[in-house]
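Notes follow the structure.
The values are calculated or read from the model by the stated rules, or taken from the named source; none is laboratory data. Everything numeric in this text was worked out from a predicted model, so none of it was measured. Using ideal geometry, Cβ is built from the backbone for each residue, glycine included, and neighbour counts are taken over all protein chains shown. The area values use the complete protein model at the heavy-atom level, side chains included, leaving out ligands, DNA and RNA. Shrake-Rupley method; radii C 1.70, N 1.55, O 1.52, S 1.80 Å.
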Amino acid sequence: RSLIELLEYFCERWVRRHLPQMQAYLLSPHLRGATLAPIVCCVSGFVDNLGEHSFRTVCRAANAVGETARAFHTEPPRPALLSRRWWPYYEHRIQEIERLWHEELPKSNPAAAQRLKTALCASTRAGTAVDFGEPGARTAYVLHRLRSRAMFLTQLLLDSRTAHVRTQLLSRKALRIISIGGGPGFDAAGFHLFADFFGANVAITNEIFDLESGWAAVGQSLEGILARTSSYAKTTMRFCQGNLLTDIPICTAPEFVDLFVFSWVLTEASAGLYETGFQPLRVLFSHATLGVVFAFLDCTDRLWPAVLDAARAEGTFEAILVNNSHKTSMILQRVSAVCPVRAKQEAEMLQHCKAHASAHDSWQSKVCTNVPIQQEDTDVLPECDAEFMLHID
């Protein structure tokens, strides 16, 4: 016991003596990405109450801080460690948002929610929009899908292949994000928590464009919840009723946007996009300045080859495809030149996307001509597409 007390004494003295230097180093401008101010604050608070903790607890906490600091600011980053730190944080914060949101939203309507679910399944097959006009259905949709949908963008940015994109976004003082088909603001909630987790003092303006005007009140409710629970980031929500296919460009001043997020909207609009040669997207791609990021989060990857072709018809774009949660999401970034390593990875991933697109086209042609659908027709499709095909009446 005397030895442990002696070690605790010297440990406390060492930490107190070197904490100012640690803080100065962690906050120095040469470190990349988001500041580590939150970690420094945690260490400072811990040291102030050091007498209440055992030496073993001190060591565990110091190790956790060190691992996290290295993972945030080493090259390449350590995605496994970041994930271990991120997911408990995410679960705690998203449950808090869900509880507060539930208190403010209208009462859910199970029957209307079931009708909406059926319509969403049909829209993925047909490529047409869905009506979210029933408030009770919207509430059920929000509460049922918040946890899974809010994490899609963060999963994409947490991947080691997109670490440079994450660093660029979180190192800015202000961000303008356009969320097309963003509905209730799932992506806005996820990105806000992501910025908070990295301690980024960033002012986020999140503009949601959606067909359903009823999402405006839901988004305002979310803005208030994020303001009350935020640690570092500040999010301002703006809602605009808009149609990707007819309002071209979908937003004002697209050249001043930092991040475009397409939230499950391209699948619903796929029929119209093919008819127009992807013109709504091509206009946005042509206005994008160097470094602008496009995140595509749809449930199927069959559109990614066509989207990438449309982007590269307007400029030089680098593509990163990441498979998460049984689906492949894609990030495009306007660059001066494409990295050869990423170009090779892109080519490998696109082969799977093209196979899914070909299989879907084959299935669609058989449906239109009343040809019987066989199990082998669905084998190459993504899980979500195959499920819809096998349950069609």
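With the structure loaded, tell me whether ALA64 is modelled with pLDDT of 85 or more, assigned to a helix (DSSP H, G or I) and open to solvent by less than 60 Å² (accessible area, probe 1.4 Å) or whether it fails that test. It is false that ALA64 is modelled with pLDDT of 85 or more, assigned to a helix (DSSP H, G or I) and open to solvent by less than 60 Å² (accessible area, probe 1.4 Å).
Comparison of LEU308, LEU259, LEU290 shows that the only residue that is over 26 Å from ARG145 (Cβ atoms) and under 20 Å from the mean Cα position of the chain (by Cα) is LEU308. Looking across the stretch 134-179 at every residue that is β-branched (Val, Ile, Thr) and at pLDDT below 95, the one that is nearest to PHE294 (Cα to Cα) is identified as VAL165. Residues of the stretch 136-148 being surrounded by 22 or more Cβ atoms within 10 Å (Cβ to Cβ) and closer than 15 Å to GLU91 by Cα, which ones? If the condition is that a residue be surrounded by 22 or more Cβ atoms within 10 Å (Cβ to Cβ) and closer than 15 Å to GLU91 by Cα, then LEU146 is the only one that fits. For ARG161, work out the one condition from (1) open to solvent by 60 Å² or more (accessible area, probe 1.4 Å); (2) touching a residue at least 60 places away in the same chain (Cβ under 8 Å); (3) not in a helix (DSSP H, G or I) it doesn't fulfil. In the conditions (1) open to solvent by 60 Å² or more (accessible area, probe 1.4 Å); (2) touching a residue at least 60 places away in the same chain (Cβ under 8 Å); (3) not in a helix (DSSP H, G or I), ARG161 misses (3) alone. Among the residues of the stretch 206-228, not a single one is within 14 Å of the chain's Cα centre (by Cα) and among the hydroxyl-bearing types (Ser, Thr, Tyr).
Of all residues in the stretch 344-379, those satisfying the criterion of being of a type in the set (A, V, I, L, M, F, W, C), open to solvent by less than 60 Å² (accessible area, probe 1.4 Å), modelled with pLDDT under 85 and assigned to a helix (DSSP H, G or I) are ALA357, ALA359, TRP363, VAL367. Within the stretch 188-220, the set of residues being open to solvent by 10 Å² or more (accessible area, probe 1.4 Å), touching a residue at least 40 places away in the same chain (Cβ under 8 Å) and out of contact with any Gly (no Cβ under 9 Å at 6 or more places or on another chain) comprises PHE197, ASN201. Just one of the listed residues (ARG172, ARG176, ARG166) is in contact with a helix residue (DSSP H, G or I) (Cβ under 7 Å, 6 or more places away or on another chain), open to solvent by 10 Å² or more (accessible area, probe 1.4 Å) and over 28 Å from TYR141 (Cβ atoms), namely ARG166. Restricting GLY185, GLY199 to those that are at positive phi and either of a type in the set (D, E, K, R) or under 16 Å from the mean Cα position of the chain (by Cα) (or both) reduces the list to GLY185.
The residues of the stretch 164-187 that are assigned to a helix (DSSP H, G or I) and either of a type in the set (S, T, N, Q) or in contact (Cβ under 8 Å) with a residue 12 or more places away in the chain (or both), listed by number, are VAL165, ARG166, THR167, GLN168, LEU169, LEU170, PHE186, ASP187.
I want to confirm something. Restricting to the stretch 184-219 and keeping residues that are closer than 22 Å to THR246 by Cβ and among the acidic types (Asp, Glu), which single residue is modelled with the highest pLDDT? Out of the qualifying residues, it is GLU207.
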